[in-house]
Amino acid sequence: MRGGTLTKGDESPVTVADFAAQAVVAATLVRRLGELSLVGEEDAADLSEPLRDGVVSLVSAALGSTVGSATVLDWIALGGADGSGSRYWTLDPIDGTKGFLRGDQYAIALALVEDGEVVLGVLGCPNLPNPDGSRGATFVADGDGSRAWYGDDAQPRVVRVVAPATLSEARLCESVEAGHSAHDDSARVIARLGITTEPYRIDSQCKYAAVGRGDASIYLRLPTRQGYREKIWDHAAGKLVVECAGGTVTDADGRRLDFGHGRRLERNRGIVATAGAFHDEVLEAVRAVLTGSAGDSDGTVRAPLQQ
Ligand code: AMP
Ligand code: MG
């Protein structure tokens, strides 16, 4: 499935891919596990008539059998849980939509949450460049650590963070989209930490994968506007990949990410994920930047998250 193939028609082509992926993952989970609670990004009510046939044929192709439109809609609707239960799955069927359309990075992200904590995370990163020159990797994180599968080798590889000897040698990754993560603030953090390499900009939860296996050592996601709350499906799987690889993940204020408040991270703002060793120093630099004490050119002093 290529982004270009799906850009025809007058609706956003990614909508077709997002809906189809949500249907396939939901159907697979239900067939294997029976009844479950799923918080998926897509809402079946948004699937407009002109897109239905495209979605149904993508789902049929992926599952290897012809499926009716009503069944596909039911599968998508399975993702309508609100995250209020003590045990739920959460799915971003295509995280990093803009990267997907550019032919860059995107991820299929699935996680299991129990009592507000992520206990299983799976990241499919079909286009991620690997150290062995291949592309595409699948990351799985659980109580036994993080593993990744890529290249010709069928054996899982242990995923471990790599911390640089000094903070100034750290490689920081962030969103490609300035509307999703404040590039100006992260540039101030980078300057404050003395980091000299340019930020590694990649879409989606591939950023967590990059930190988890040492392609980068910091992932910063600083709010672009007051009041934005991160979506649980944008972070659940990736956060566990980094933590099980030995790294640390908090919000921009150093709080643990709390997945116990519905479809959004209501008690958090922003994301700071690191290889672990210098997490506090990064948080301190973020705090200085977000409160304006790092010398904003406009002198803005920003208030901490109100709870
Ligand atoms: P990325 O690929 O890292 O840019 O993240 C993609 C995700 O950004 C999407 O799945 C959206 O849910 C999310 N997003 C959309 N608007 C914002 C925003 N203003 N701040 C943070 N994330 C956003
Ligand atoms: Mg997303």
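Residues that are away from ligand 2 (no atom under 16 Å from the Cβ), within 20 Å of ALA236 (Cα to Cα) and at pLDDT below 95: does region 113-126 have at least one? For region 113-126, residues away from ligand 2 (no atom under 16 Å from the Cβ), within 20 Å of ALA236 (Cα to Cα) and at pLDDT below 95: absent. Total residues in region 29-69 satisfying the condition of being within 16 Å of ligand 1 (Cβ to nearest atom) and touching a strand residue (DSSP E or B) at 6+ places or on another chain (Cβ under 9 Å): the figure is 5.
Could you check how many residues of region 228-256 are outside any helix (DSSP H, G or I) and within 14 Å of ligand 1 (Cβ to nearest atom)? Reasoning before the result, please.
Keep residues of region 228-256 that are outside any helix (DSSP H, G or I), which gives 228-231, 235, 245-256.
From what is left, the residues that are within 14 Å of ligand 1 (Cβ to nearest atom) are 228-231, 235, 251-252.
Qualifying residue count, region 228-256: 7.
Scan ALA26, ALA45, ALA61 and give me the residue that is touching a Leu at 6+ places or on another chain (Cβ under 6 Å) and not in a loop (DSSP other than H, G, I, E, B). First the steps, then the outcome.
Values: ALA45 fails: touching a Leu at 6+ places or on another chain (Cβ under 6 Å); ALA61 fails: touching a Leu at 6+ places or on another chain (Cβ under 6 Å).
Criteria check complete, one pass: ALA26.
Checked against (1) farther than 17 Å from GLU174 by Cα; (2) of a type outside the set (Asp, Glu); (3) over 18 Å from the mean Cα position of the chain (by Cα), ARG263 passes all but a single condition, namely (3). Taking the residues in region 39-64 that are surrounded by 13 or more Cβ atoms within 10 Å (Cβ to Cβ), touching a Phe, Trp or Tyr at 6+ places or on another chain (Cβ under 9 Å) and within 23 Å of GLY262 (Cβ to Cβ) as candidates, determine which candidate is modelled with the lowest pLDDT. Across region 39-64, the extreme among qualifying residues is LEU47.
Just to be sure before I move on: is LEU101 over 30 Å from ARG267 (Cα atoms) and within 15 Å of ligand 2 (Cβ to nearest atom) in the structure I sent?
Details: over 30 Å from ARG267 (Cα atoms): yes; within 15 Å of ligand 2 (Cβ to nearest atom): yes.
Criteria met by LEU101.
When ARG87, ARG160 are screened for being touching an Asp or Glu at 6+ places or on another chain (Cβ under 8 Å) and either more than 16 Å from ligand 1 (Cβ to nearest atom) or in contact (Cβ under 8 Å) with a residue 12 or more places away in the chain (or both), only ARG87 passes.
For region 163-190, a residue qualifies if it is without any contact (Cβ under 8 Å) to a residue 60 or more places away in the chain and of a type in the set (A, V, I, L, M, F, W, C), and the qualifying residues are ALA165, LEU172, CYS173, ALA178, ALA182, ALA187, ILE190. Scanning region 203-227 for residues being modelled with pLDDT of 95 or more, near ligand 1 (Cβ under 8 Å from one of its atoms) and outside any helix (DSSP H, G or I) gives a total of 6. The set of residues from region 199-226 being surrounded by fewer than 21 Cβ atoms within 10 Å (Cβ to Cβ), in contact with a helix residue (DSSP H, G or I) (Cβ under 9 Å, 6 or more places away or on another chain) and charged (D, E, K, R) comprises ARG201, ASP215. For region 180-224, a residue qualifies if it is among the polar types (S, T, N, Q), touching a strand residue (DSSP E or B) at 6+ places or on another chain (Cβ under 7 Å) and closer than 19 Å to LEU167 by Cβ, and the qualifying residues are SER186, SER217.
Tell me the residue from ARG147, ARG171 that is at pLDDT 95 or above, more than 16 Å from ligand 2 (Cβ to nearest atom), of a type in the set (D, E, K, R) and within 15 Å of ALA216 (Cβ to Cβ), please. Give the steps one after another, and end with the answer.
Values: ARG147 fails: within 15 Å of ALA216 (Cβ to Cβ).
Sole residue among the options that is at pLDDT 95 or above, more than 16 Å from ligand 2 (Cβ to nearest atom), of a type in the set (D, E, K, R) and within 15 Å of ALA216 (Cβ to Cβ): ARG171.
The values are calculated or read from the model by the stated rules, or taken from the named source; none is laboratory data. Source: prediction; values computed, not measured. Using ideal geometry, Cβ is built from the backbone for each residue, glycine included, and neighbour counts are taken over all protein chains shown.
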